[in-house]
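Some notes on the structure that comes next.
The values are calculated or read from the model by the stated rules, or taken from the named source; none is laboratory data. Model, not experiment: these values are computed from the prediction. With ideal geometry, Cβ positions are generated from the backbone for all residues, glycine too; neighbour counts draw on all protein chains shown. What goes into the accessible areas is simple: the full protein's heavy atoms, side chains included, and nothing from ligands, DNA or RNA. Shrake-Rupley method; radii C 1.70, N 1.55, O 1.52, S 1.80 Å.
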Amino acid sequence: MAALIVASSLLRGGRLTCVGVGRRLAPPAGVRYKTIAVALSGGVDSSVAALLLKRQGHRIFGIYMRNWEEEEEKGENKRLKHCSSAQDLLDVKSTCKQLGIELKQVSFVKEYWTEVFEPMLAGYLSDLTPNPDVACNRQIKFNLLLEHAFKLGADCLATGHYARLQHDSDGTKLLRAKDRTKDQAYFLSNVDGKSFSRVLFPLGDLLKSEVRNIALEADLPSARKRESMGLCFIGKRDFEDFISDYISEEDPEVQSKIGHFVDLETGQVYGAHKGTHLYTIGKRARIGGASTKLYVCEKRGSDIMVVGGNKHDALFSTTCLVGPPHWISGKVPEELSARKELSCQCQLRNLGDVVDCRLRVVSKGDLKRYPLPEKTRKFYNLSLPELDGGGDERMIEVCFTEPQYAVAPGQVCTFYQGEICLGCGIMLKSGPSLWAQRKEQAAESSLGS
């Protein structure tokens, strides 16, 4: 396994001391890195990644990528200050000056709009919950940016992601980070595994606290900078306000999504909502006058079904349909291919619990239990085959050992075997909720009595 430990910091006698930089980051066997491009965002993580590689004696240069153009925003979004790209670039320039490295800049605004942002909008209009960060890593950072770095003369690309890579004779494996609270393997699970052969993650074996301490000890410009959370182009703005500037309420498709909040159990109508595309499973529905906190559990046509409290059984499922899966190795795991089942772990959202599960290749009978909405099939360009008894590896049923909260179609389900990230798939549909299962059992018992 490649040695990935690059640095640690200790507090000795009340004074911060940086303890060396450990062993050099090792490339795959037979590969020698001469020049490393470091993707710099202006934050502390990418800055420390550059610092550590510089200390190791590598020849590096910084590369700053612009994906969003604030000047081209629409409506009220244009007036609000949210995405600190101007300040980020100043911080990047200051970091490069301090480290004595050259800075390159590149714009992927057009590509980001086409490959990430527009598909995200289309996903919401299909009543899905897409993850643009996962799409950005696959389409932009570890595709276009990687290729651009090579054109600039780099042998590989380093980033400040919290993840690890293991180079073996059978390829490069993606591993979870040492710091589980910052682990970003989930966001990287849809990247083409071949890209990782020329990527470095210098922070994979460090805790966030160690990274912050290294930055403070080196007095980097980003050392005390607050960590950015969420999507840069939304920032602290309300999601509904932001998305409404790009998905017009006057659009006939949006008009067809306007309906009511309805109590799942009683049928009580609480009031109107502005569109099913603005809500995801598990999201709180803020309804004036409601005596309890209500949460979205289902979408039925233009109506949104809600339940009281986030512990309601209608919010928990034991299975979901995922597909088509992406395997980082480029091939279906041997056990899944041979036995049509695989015991592993999965993660349904960033920093969510990694839980035990069983993957099953779906059969024709399985698909009957997961009737997919036409808009879901259309969005993912799915043509579900007439399966024989053996099933089709393009569709996977995930069976959770314990019921899981808010399985949201459109989100990513990432698969693991221990430390290794196997890949991921898009959750297409949740299996019956615990509430629905109990209701069905009660109906069957009533018929049998």
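Worth a mention:
- Between helix 434-448 and the chain there is an angle of about 30 degrees, using the helix long axis and the longest principal axis of the Cα atoms.
- Accessible-area order (highest first, 1.4 angstrom probe) of the listed residues 129, 114: 114, 129
- Checking (1) 1.28; (2) 1.01; (3) 1.06 against Cα Rg over 2.2 N^0.38 Å calculated from these atoms, the matching label is (3).
- Qualifying GluC sites (Glu not before Pro) for the stretch 228-331 [loop in DSSP, other Cβ within 10 Å: at most 16]: 249, 250, 265
- Annotation: residue 113 carries an accessible surface of approximately 80 Å², with a 1.4 Å probe and no ligand, DNA or RNA atoms counted.
- Close Lys pairs in the stretch 135-211, defined as Cα atoms under 27 Å apart and 8 or more places apart or on different chains, number 15.
- With R₀ fixed at 41 Å, the C-beta to C-beta distance from residue 256 to residue 150 puts the FRET efficiency at about 0.35.
- Peptide ranges 145-154, 87-96 listed from the most packed, as the mean C-beta count within 10 angstrom indicates: 87-96, 145-154
- Dipole magnitude (debye, nearest 20) for the chain, charges at Cβ of Lys, Arg, Asp, Glu: 1580 debye
- Accessible area of the chain belonging to carbon and sulfur atoms, whole % at 1.4 Å probe: 48 percent
- Axis of helix 85-99 versus longest Cα principal axis of the chain: the two differ by about 30°, to the nearest ten degrees.
- By a 1.4 Å probe calculation restricted to protein chains, residue 445 has an accessible surface near 80 Å², given to the nearest 10.
- Sites residue 114 and residue 341, calculated FRET efficiency, Cβ-Cβ separation with R0 41 Å, nearest 0.05: 0.60
- In this simple spin-label model, placing a label point 7 Å from the Cα along the Cα-to-Cβ direction at both residue 66 and residue 181 gives a separation of 3.5 nm.
- The simple Förster model, with R0 at 41 Å and r as the Cβ-Cβ distance, assigns residue 168 and residue 272 a FRET efficiency of 0.15.
- Sequence ranges 189-200, 55-66, 334-345, ranked by mean other-Cβ count within 10 angstrom, highest first: 189-200, 55-66, 334-345
- The gain in end-to-end length when the residue 440 to residue 226 segment is fully stretched comes to 72.1 nm, 0.36 nm per residue minus the alpha carbon separation.
- Highest-first arrangement of 409-417, 215-223, where packing means the average Cβ count within 10 Å: 409-417, 215-223
- Within the stretch 132-152, backbone nitrogen closer than 16 Å to the virtual label 7 Å beyond the Cα of residue 102 toward Cβ: 148-152
- Among the protein heavy atoms, those of residue 84 account for about 60 Å² of accessible surface (1.4 Å probe, every chain in place).
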